[in-house]
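Single-structure report; data block below.
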Amino acid sequence: MKGVVIALGSLNGQEVAARMIDGQLEDLLVAMPDGTLAPGAICRARVGRQIKGMGGVFLDLPGGQSGFLRQAKGLRPGQTLLVQVSGVPEPGKAVPVTPRLTIKGRYGIVTPDAPGVNVSRQVTEEGEPARLAALGQAAMAGADASMGLILRSGAEGVAEGVLTEDIAALRDLAQRLLADTSGPPELLLDAPGPHDTAWRDWTTPDPDEVATGPTALRDHGVIDAMDALIAPVVRLPGGASMAVEPTRALVAVDVNTAEGSPAAGLKASIAAARELPRQLRLRGLGGQVLVDFAPFPRKERTTLEQVLRAAFRRDGPATTLAGWTPLGNFELQRRREAMPLAAALRHRGG
């Protein structure tokens, strides 16, 4: 089906949101298990033990969970502070958190300790950046000088009254959170679920249809696409393939081509590089990723690196391209922003 369809439903009692573009799954959100601190959640935490040489400190989080903050300077055991969950931990490890809070809405993001009003670079309509900047300045007038605002791309063309209301709500919420620093570890603001996140973040491009109901996911091919994501092998153009297999230590990616020529190897590797960010994002995979590309001439490495950089630049989660290993594989590090899809469905009996 041509166009953009957002499908909202549930699978095994688990909330799911999907965005299909021209019949292909481009974005997928699956609810994390109950009791899990999802990325975006804001908590009051207590400083625990500091371990020399780790460059950070462990925190006591709500529900008896443990967090890890990559910052120890100026903190003392027993101190309380506000933190935001910044990623999904590896099994058995502490929840990664950050002290830099962002309170995100549909049209704006309030940024405590990051002053100033900024407009997304994706806002390009003539005169719109200036309009939004002026509106943001007016909406933040009287707020604490350390509090900033980012106008999101979805704010482009939105009426002043709607934007002002959204920013005011975010500003009030931020002020309440910043004043709530005393007491035991507590969840102060939970991360939104998949349906609310889809409404908040999937504003561009405008959807042609928002499908809801018990059959929305199946009717629009989401279930079939999810089944394909559980399988390790991804089909690439020209008969090539890419296997994406997570292990406890890393995500292993193996690219194969149907032909044995160097030209075919480069073509398959380029196709894999373009598809890899999407596959990692939809599968909920992050951490260390090791890619064994199909054989191709060594002199073409620069070409492939350019394709990789462009592909990951367009994608969401922060990714560090570490480079080539002595054995000729490519290493990268990707922030964990979601629970692996297979684990999330397995947890709910899927």
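The values are calculated or read from the model by the stated rules, or taken from the named source; none is laboratory data. From a predicted model like this one, the values you see are computed outputs, not experimental measurements. Quick reminder, even Gly has a Cβ in these numbers, built from the backbone with ideal geometry, and neighbours come from all protein chains shown.
The condition of being of a type in the set (A, V, I, L, M), closer than 17 Å to T203 by Cβ and in contact with a strand residue (DSSP E or B) (Cβ under 9 Å, 6 or more places away or on another chain) holds for only one of L101, L163, that being L163. For the condition modelled with pLDDT of 95 or more, surrounded by 14 or more Cβ atoms within 10 Å (Cβ to Cβ) and in contact with an Asp or Glu (Cβ under 7 Å, 6 or more places away or on another chain), P194 qualifies.
When residues in region 1-57 are screened for being more than 30 Å from G213 (Cα to Cα) and polar (S, T, N, Q), 1 of them pass. Select from region 252-299 the residues that are at pLDDT below 95 and of a type in the set (S, T, Y) and write down the one among them that is nearest to G316 (Cα to Cα). Step by step, filter region 252-299, then rank; the result is T257. Look at (1) within 15 Å of L82 (Cα to Cα); (2) touching a helix residue (DSSP H, G or I) at 6+ places or on another chain (Cβ under 9 Å) and you find that L177 fails only one, number (2). Applying the selection to region 11-28, what residues are at pLDDT 95 or above and small (G, A, S)? Residues satisfying the conditions are A17, A18. Scan region 288-316 for residues that are among the aromatic types (F, W, Y) and in contact with a Gly (Cβ under 8 Å, 6 or more places away or on another chain) and jot them down. Those that are among the aromatic types (F, W, Y) and in contact with a Gly (Cβ under 8 Å, 6 or more places away or on another chain): F293, F296. Mind checking whether some residue in region 155-176 is within 23 Å of I42 (Cβ to Cβ), outside the structural domain of K73 (by TED's automatic domain parsing), assigned to a loop (DSSP other than H, G, I, E, B) and modelled with pLDDT of 95 or more? So far as region 155-176 goes, no, none of its residues is within 23 Å of I42 (Cβ to Cβ), outside the structural domain of K73 (by TED's automatic domain parsing), assigned to a loop (DSSP other than H, G, I, E, B) and modelled with pLDDT of 95 or more.
Scanning region 45-53 turns up at least one residue that is closer than 18 Å to T181 by Cα and touching a Ser or Thr at 6+ places or on another chain (Cβ under 6 Å).
For region 116-132, a residue qualifies if it is in contact with a Leu (Cβ under 9 Å, 6 or more places away or on another chain) and surrounded by fewer than 16 Cβ atoms within 10 Å (Cβ to Cβ), and exactly one does: G116. When region 39-93 is filtered for residues that are loosely packed, with under 12 Cβ neighbours inside 10 Å and among the basic types (K, R), the ones remaining, listed by number, are R49, K52, K73, R76, K93. Scanning region 4-36 for residues that are surrounded by 13 or more Cβ atoms within 10 Å (Cβ to Cβ) and among the small types (G, A, S) gives A7, G9, S10, A17, A18, A31. Checking each residue in region 221-250 for being buried (at least 16 other Cβ atoms within 10 Å of the Cβ) and free of Cβ contacts under 8 Å to residues at least 40 places away in the same chain picks out P232, L236, S241, M242.
Residues that are within 15 Å of V289 (Cα to Cα) and among the acidic types (D, E) within region 250-272 comprise just one, D254. In region 82-91, the count of residues that are at pLDDT 95 or above, more than 29 Å from P205 (Cα to Cα) and in a strand (DSSP E or B) is one or more. Would you pick out the residues in region 177-191 that are surrounded by 14 or more Cβ atoms within 10 Å (Cβ to Cβ) and among the aliphatic types (A, V, I, L, M)? Matches in region 177-191: L177, L178, L187, L188, L189, A191.
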